[in-house]
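Working notes, structure below.
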Amino acid sequence: MRDNVKGVVRQVGLPRIIIGGFFLLLLFTASGFGMDLMQIVSDIIRRWGMYGVLALAMVPAVQCGIGLNFGISMGIVGGLLGGLIVIEWKIAEMPSLVAVHPLFAMWVAVLIAIVIGVVLSTGIGWLYGLLLNRVKGSEMTVTTYVGFSIIAFMNIAWTILPFKSGELIFPNAGEGLRNTISLASSYSGVMNNTLKFSINLPFGKVEIPTGLLLFFFLMCLLVWLFMRSKTGAAMSAAGANPMFAQASGINVNRMRLIGTTLSTVIAAVGILVYAQGFGFMQLYNGPMMMGFTSVAAVLIGGASATRAKISHVLIGTFLYQGIMALGLPVINLFIPEGNLSEVMRLIISNGIIIYALAQTGGESRD
């Protein structure tokens, strides 16, 4: 019996069991206090789709051998620039597009933003990959440093970039981008609202953001297909055993470049999916910790520093966002002081991140 329990723990992963148990505890506590569980479940599903693509960016990075990519901020910057350019050009307000359907205009806007973000992040990711090829063995330190450094650099860039739209720049200043950019006139909630429907249950109504989930699953499918392609298999081999891969004729440096670039590109797409869900983009220090939350999500999903799979992204993002969605409302019932809400959010999120990082091992749990 004991051996069977140990086998289950080893296969599922202790962090996943503990985090899953904590999630269920929060769920039962919320139910006991009479909270609207269906509304919370709807929020968890929405957050799952919004954050999932950012967590997905970890898969090619881990598989190619650079490890947990704290530097996805490089790609996030590319995605943010794509979103800003679309707003500057007023794509979603073009009469020819709006005449077809307002939702069509919003989809064109977000897809153009994604294309621009992918182009920019491809170049950024390639240069980033060249850097990581020169610091083999110290990737985690370098990616963390690069992730924070690009945010610091962009804090300066956001104040001098030549955007002119009144929706982007500080009022009465004439230059410098706002801290928070509203997407109300461009593509706010376009994925969330596409094909959205509700399921009426005995306990309430659950809203399903169909378009958002379909896009998230499509991204997962594309990455899954790539990882099973000839290039993806070679990339995984290079990450798992560089010396053997080199002896087999695989160009390890090139595979690392491909994985790093792909991770950066997915992060660019992810930030736009995330932003449209909330209805705004945050510049300056807003994206600083997104690399850490993405790392924590895949780790509690069962990934390690040397292996990550799509299932780790799906499970880990759901658990992480579930705890974040449930944690604050439950804690506010015990500590009703409103000023503590942001403090508790940081304690919960950073606690999960620290725990997930502490559980990182050299072998996959699956």
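The values are calculated or read from the model by the stated rules, or taken from the named source; none is laboratory data. The model shown is predicted, which means the values in this text are computed figures rather than measured ones. Positions of Cβ are backbone-derived with ideal geometry, glycine not excepted, and every protein chain shown enters the neighbour counts.
Among the residues of the range 300-334 satisfying the criterion of being hydrophobic (A, V, I, L, M, F, W, C) and at pLDDT 85 or above, which is surrounded by the fewest Cβ atoms within 10 Å (Cβ to Cβ)? It would help to see each step written out before you state the result.
Within the range 300-334, the subset hydrophobic (A, V, I, L, M, F, W, C) is 300, 303, 305, 308, 310, 313-315, 318-319, 323-326, 328, 330-331, 333-334.
Going one step further and asking which of them are at pLDDT 85 or above, we end up with 308, 310, 313-315, 318-319.
Details: ALA308: 29, ILE310: 17, VAL313: 29, LEU314: 20, ILE315: 22, PHE318: 22, LEU319: 23.
Once the filter is applied, the top-ranked residue is ILE310.
Suppose we filter the range 116-139 for residues that are in contact (Cβ under 8 Å) with a residue 60 or more places away in the chain, crowded, with 18+ Cβ neighbours inside 10 Å and hydrophobic (A, V, I, L, M, F, W, C); how many remain? It would help to see each step written out before you state the result.
Within the range 116-139, the subset in contact (Cβ under 8 Å) with a residue 60 or more places away in the chain is 117-118, 120-122, 124-126, 128-130, 132-133, 139.
From the residues that got through so far, the ones that are crowded, with 18+ Cβ neighbours inside 10 Å too are 117-118, 120-121, 124-125, 128-129, 132, 139.
From what's left, hydrophobic (A, V, I, L, M, F, W, C): 118, 120, 124, 132.
Going through the range 116-139 one residue at a time, the tally reaches 4.
When the range 19-48 is examined, which residues are found to be surrounded by fewer than 16 Cβ atoms within 10 Å (Cβ to Cβ) and in contact (Cβ under 8 Å) with a residue 24 or more places away in the chain?
Within the range 19-48, PHE33, ASP36, GLN39 meet the criteria.
Do we have ILE208 as of a type in the set (A, V, I, L, M, F, W, C) and free of Cβ contacts under 8 Å to residues at least 40 places away in the same chain here?
Values: of a type in the set (A, V, I, L, M, F, W, C): yes; free of Cβ contacts under 8 Å to residues at least 40 places away in the same chain: no.
Taking the combined requirement at face value, the residue does not satisfy it.
For the range 245-255, indicate whether the set of residues that are surrounded by 16 or more Cβ atoms within 10 Å (Cβ to Cβ), within 22 Å of VAL298 (Cα to Cα) and touching a residue at least 12 places away in the same chain (Cβ under 8 Å) is non-empty.
yes
Does GLY259 fit the bill of being in a helix (DSSP H, G or I) and more than 25 Å from TRP158 (Cα to Cα)?
Numbers: in a helix (DSSP H, G or I): yes; more than 25 Å from TRP158 (Cα to Cα): yes.
Yes, satisfied.
Given the range 121-230, what strands (runs of 3 or more DSSP E) lie entirely inside it while holding 3 or more residues that are over 24 Å from THR306 (Cβ atoms), modelled with pLDDT of 90 or more and not hydrophobic (A, V, I, L, M, F, W, C)?
In the range 121-230, there are no strands (runs of 3 or more DSSP E) which contain 3 or more residues that are over 24 Å from THR306 (Cβ atoms), modelled with pLDDT of 90 or more and not hydrophobic (A, V, I, L, M, F, W, C).
Checking MET281 against (1) among the aliphatic types (A, V, I, L, M); (2) at pLDDT 90 or above; (3) surrounded by 17 or more Cβ atoms within 10 Å (Cβ to Cβ); (4) part of a helix (DSSP H, G or I), which single condition isn't satisfied?
All conditions pass for MET281, except number (4).
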